[in-house]
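Chemist: Have a look at this one before I ask anything.
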Amino acid sequence: MPTTPPAPVLVAHRGHAAERPENTLPALQDAVDAGARWVEVDVQLCAGGVPVLLHDADLQRVAGRAEAIFDLDAATLDEIPVGEPDRFGAQFPDVRIPRLAEFAAWLSGHPGVHAFVELKIESLERFGRKQVLAASLEALAPAAGRWRLISDDYEVLALAHASGLRELGWVVRGFDAEIAARAQGIEAAWLFCRHQRLPPGPLPVGPWAWVLYEIEDAPTARTLMARGARWLETMRYRALAAALAHEAV
């Protein structure tokens, strides 16, 4: 008899970003309220070297302001609303950029919830890998054991691995023999990839698990699960979880 594939692990990409401003505590809380047990956030360093949750290196998309994150200190950022006015209008006037330390405190208060924390390339290039890694690890210390470090920058993962950090995730733009070898070199537990960038057919097998994004609908999710995927990352957590649960009935 055919075996039923295991239930997927849905990762809330930047929190519940389809319904709340991304990388904010309301987006993260909404994802958890919808049932998420894994969330993903992005980390940039602002002026002064304080790590904060932000995907881009500027505030244009989230705040309608062109300032670079590197030109603003944490106290200034505390006063800037990031309600993504182009997407949500004036619906979220009070949302602010969380510091990574605030996120760690939030995560500590949610037993059973884990996080992928992505170190962004712009800050790694601006401040250097050692500074970004050290600042992030310090901020995350109160939530020890509840997060896993990921990045598309292989060298910062190699640095983390050399320092004793394990269960790393490498964000890749495709797959070939060189990527497989390098992934094993840092003992990557996960390879993250936009699903359209992978070759057709069964997913390449290795000592890692694939985390595929951006998954927006149940048919795409089911197709990828049939190819061997189990971890699926989505900004539409509530809708995708409900659709998959309905199909399973």
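Chemist: Explain nothing, just the number: dipole magnitude of the chain about its Cα centre with +1 on each Lys and Arg Cβ and -1 on each Asp and Glu Cβ, in debye rounded to the nearest 20. Could you put the intermediate results ahead of the total?
Modeler: Numbers: 24 positive and 33 negative charges, 159 e Å.
Here the chain has a charge dipole of around 760 debye.
Chemist: Based on DSSP, what percent of beta bridges with both residues in the range 9-248 are antiparallel, to the nearest 5?
Modeler: Values: 5 of 36 bridges.
Among the beta bridges of the range 9-248, antiparallel pairing accounts for roughly 15 percent.
Chemist: Expressed as a rounded percentage, what relative contact order does the range 138-229 have, with Cα pairs under 8 Å and six or more residues apart? Could you put the intermediate results ahead of the total?
Modeler: Values: 107 pairs, mean separation 19.4, N = 92.
Reported as a whole number, the value is 21 percent.
Chemist: Run through the range 25-107 and list the GluC sites (Glu not before Pro) located in a DSSP loop whose Cβ has at most 13 other Cβ atoms within 10 Å. Walk me through the numbers before you get to the answer.
Modeler: On the way: sites: E40, E67, E79, E102; in loops: E67, E79.
When the GluC sites (Glu not before Pro) of the range 25-107 are filtered for loop state and at most 13 Cβ neighbours within 10 Å, E79 remain.
Chemist: Now, a different point. Residues in the range 202-220, backbone N under 17 Å from the label point at R173 (7 Å along the Cα-to-beta-carbon vector): list them, ranges by number please.
Modeler: Those under the cut-off are 213-214.
Chemist: Take the range 9-248, compute every pairwise Cα distance, and split them into 10 Å bins from 0; I just need the percent in each bin.
Modeler: Result, from short to long distances: 8, 32, 37, 20, 3 percent.
Chemist: Using a simple spin-label model with points 7 Å from Cα along the Cα→Cβ vector, what separation in nm is obtained for S163 and F88?
Modeler: 3.2 nm
Chemist: Same structure again: Taking the Cβ of G174 as the center, what net charge do the other residues with Cβ under 11 Å away carry, scoring Lys and Arg +1 and Asp and Glu -1? List each step's numbers first, then the result.
Modeler: Numbers: positive: R173, R194, R197; negative: D176, E178.
Around G174, the surrounding residues sum to +1.
Chemist: Explain nothing, just the number: relative contact order of the range 9-248, from Cα pairs under 8 Å at least 6 residues apart, as a whole percent.
Modeler: Values: 471 pairs, mean separation 45.0, N = 240.
19 percent.
Chemist: Loop-only GluC sites (Glu not before Pro) in the range 182-249, please: DSSP not H, G, I, E or B, and at most 15 other Cβ atoms within 10 Å. Kindly include the intermediate steps, with their values, before the conclusion.
Modeler: Values: sites: E187, E214, E216, E233, E247; in loops: E187, E214, E216.
Taking the range 182-249 and a limit of 15 other Cβ atoms within 10 Å, the loop GluC sites (Glu not before Pro) found are E187, E214, E216.
Chemist: Which of the GluC sites (Glu not before Pro) found in the range 134-182 are in a DSSP loop and have at most 16 neighbouring Cβ atoms, other than their own, within 10 Å? List each step's numbers first, then the result.
Modeler: On the way: sites: E138, E155, E167, E178; in loops: E167.
Answer by residue number: E167.
Chemist: Can you figure out the FRET efficiency of A57 with D33, using R₀ = 41 Å and their beta-carbon distance, to the nearest 0.05?
Modeler: Numbers: r = 30 Å, r/R0 = 0.73.
With R0 = 41 Å, the Cβ-Cβ based efficiency is 0.85.
Chemist: If R₀ is 45 angstrom, what is the calculated FRET efficiency for the pair D78 and A226, using the beta carbon separation as r and rounding to 0.05? Intermediate results must be reported in sequence, preceding the final value.
Modeler: Working: r = 46 Å, r/R0 = 1.03.
Rounded to the nearest 0.05, the efficiency is 0.45.
Chemist: So what is the calculated 222 nm ellipticity per residue for the chain, using -39500 (n - 2.57) for each DSSP H run with n of 4 or more, over all residues, to the nearest 500 deg cm²/dmol?
Modeler: Values: 11 runs with 88 residues, N = 249.
The per-residue figure over the chain is -9500 deg cm²/dmol.
Chemist: What is the extension gain from D71 to A47, computed as 0.36 nm multiplied by their sequence separation minus the C-alpha to C-alpha distance, in nm to one decimal?
Modeler: Details: separation 24, 0.36 × 24 = 8.64 nm, distance 0.56 nm.
Here the answer is 8.1 nm.
Chemist: Next question, about the same structure. Could you give the length gained by full extension between A243 and A144, i.e. 0.36 nm per residue of separation minus their alpha carbon distance, to one decimal place? Intermediate results must be reported in sequence, preceding the final value.
Modeler: On the way: separation 99, 0.36 × 99 = 35.64 nm, distance 3.31 nm.
Result for the pair: 32.3 nm of gain on full extension.
Values in this text are rule-based calculations from the coordinates and carry no lab data. These numbers come from a predicted model, not from an experiment. Reconstructed Cβ throughout: ideal geometry from the backbone, glycine too, with neighbour counts over all protein chains shown.
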